[in-house]
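Novice: Take a look at this one; I'll ask things after.
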Amino acid sequence: MERSADPAPGPGPGPGPDLILRPRPASPLREVHDERFAAQGVRLLLKRDDLVHPELPGNKWRKLAPNLRAAVAGGYPELVTFGGAYSNHLRATAAAGRLLGLTTVGIVRGDELAGRPLNDSLARCAADGMRLHFVTRSAYRDKAGLPALAGAEGAYVIPEGGSNALALHGCAELGRELSGTCDVAAVACGTGGTLAGLAAGLGAGRRALGVPVVGGGFLEAEIRSLQTAAFGGPAGDWSLAEGYAHGGYARVPAELARFAADFESRHGLPVERIYVAKLLWALLALTRAGTFPRGTTLAAVVTGRP
């Protein structure tokens, strides 16, 4: 169930940890004039976090950077993390390992994938030097013993999606960047870490809204647990808008794809389908339903690019 990278996995390490770990300027905030929102008296801003880092865009950089600093400071030579077959987090961790000169191990959900050609996402991980270890879906649920089984005992462990207490402090900076610019800051949610940190950084009088891209209704408890670990208890005003997963994680039905293509055409912005398209769809549906009072300024966080 192992898949190793090729002996010469793409470009070598970058010029050093500063390429990833140095503080970065705030990502751009762009207003888009969309008559569908304007008709309801709602102003729409796009927080272009997809531009925050050339290889670790959006919330991936915000979550990973604090963990990478800890790994480098602790002298860990190896990173290990978890994800599904199309995980943006696995790709970002593999790229970070290459840039920092650290070896990486990705524990992938679904042992049936081990004997198949790698999809584009996993192929990119392997090209960046990540060793892929495939496990059954039942084994994947209990992650505590998996690093040892993958031969990565003693590695620095980054949780699925990168969401832990350190990551929340990184995402709180996103909230601070948006504080004073909007009434509601909205983000798509996979593991909930970005929303948990965003809400903590926004400050009083502003609300964070999360749009889960996977069903199941488990995120509320997970976010509360993450905030307790990071901040000692609840932090900020936040809520979840359920019901916009469009059939589940990585599902992009034709109607959603058409919506994303139309948004791209209207505003000249590439729309990532798995997270960002679902966020924008939800915000438009909520706006049309009158969820946001007239005069509301919405900031949608663009967490990644296609």
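Novice: Which net charge results for the neighbourhood of PRO234, defined as the other residues with beta-carbon distances under 14 angstrom from its beta-carbon, given Lys and Arg at +1 and Asp and Glu at -1?
Specialist: On the way: positive: ARG207, ARG224; negative: GLU220, GLU222, ASP237.
With Lys, Arg at +1 and Asp, Glu at -1, the neighbours total -1.
Novice: Continuing with this model, one more query. Can you tell me the orientation of helix 193-202 relative to the chain, as the angle in degrees between its alpha-carbon axis and the longest Cα principal axis, to the nearest 10?
Specialist: The angle comes out at about 50 degrees.
Novice: Share of the chain's accessible area from carbon and sulfur, percent, 1.4 Å?
Specialist: Here it works out to 53 percent.
Novice: What whole number of Å gives the distance from the Cα centroid of the stretch 283-298 to the Cα centroid of the stretch 37-98?
Specialist: Computed from Cα coordinates, the inter-centre distance equals 28 Å.
Novice: Right, another one. Under the rule of at least 5 residues apart or a separate chain, name every residue whose amide H is placed under 5 Å from the amide H of ALA185.
Specialist: For ALA185, the qualifying residues are ARG207, ALA208, LEU209, ALA299.
Novice: Using a 1.4 angstrom probe with every protein chain in place, what is the largest-first accessible-area order of LEU118, LEU146? Numbers along the way, then the final one.
Specialist: Numbers: LEU118 50, LEU146 5 Å².
Reading off the accessible areas and sorting them downward yields LEU118, LEU146.
Novice: Applying 1/(1 + (r/R0)^6) with R0 = 35 Å to the Cβ-Cβ distance of ARG30 and ALA229, what FRET efficiency is obtained, to the nearest 0.05?
Specialist: Working: r = 33 Å, r/R0 = 0.95.
With a Förster radius of 35 Å, E is 0.60.
Novice: Here is a follow-up. In nm, to one decimal, how far is the SER239 label point from the LEU149 one, both placed 7 Å along Cα→Cβ?
Specialist: 4.1 nm
Novice: Right, here's the next one. Using a 1.4 Å probe, what is the accessible area per residue for the chain, in Å²?
Specialist: On the way: 12600 Å² over 306 residues.
On a per-residue basis, 41 Å².
Novice: If you don't mind, another one. Counting helices only, and only those DSSP H runs with n ≥ 4, report the 222 nm mean residue ellipticity of the chain as the sum of -39,500 (n - 2.57) divided by its residues, in deg cm²/dmol to the nearest 500.
Specialist: Details: 12 runs with 116 residues, N = 306.
Roughly -11000 deg cm²/dmol at 222 nm, from the helical runs in the chain.
Novice: GNM, the chain, Cα, under 10 Å: largest mean-square fluctuation among LEU178, LEU122, LEU113?
Specialist: Comparing LEU178, LEU122, LEU113 in a Gaussian network model of the chain, the most mobile one is LEU113.
Novice: Same structure again: Rule-of-thumb check for the stretch 87-167: C-alpha Rg over 2.2 N^0.38 Å? Show your work: numbers first, answer last.
Specialist: On the way: Rg = 12.2 Å, N = 81, 2.2 N^0.38 = 11.7 Å.
Taking N as the residue count of the stretch 87-167, the ratio is 1.04.
Novice: Between THR181 and ARG258, what length in nm is gained on full extension when 0.36 nm per residue of separation is reduced by their alpha carbon distance?
Specialist: Numbers: separation 77, 0.36 × 77 = 27.72 nm, distance 3.00 nm.
Difference between extended and current length: 24.7 nm.
The values are calculated or read from the model by the stated rules, or taken from the named source; none is laboratory data. Only a predicted model underlies this, so the values are computations on that prediction, with no experimental measurement involved. Neighbour counts run over all protein chains shown; Cβ positions are idealised from the backbone, glycine included. Just the protein is used for accessible areas: all its heavy atoms, side chains included, with ligands, DNA and RNA removed. Shrake-Rupley method; radii C 1.70, N 1.55, O 1.52, S 1.80 Å.
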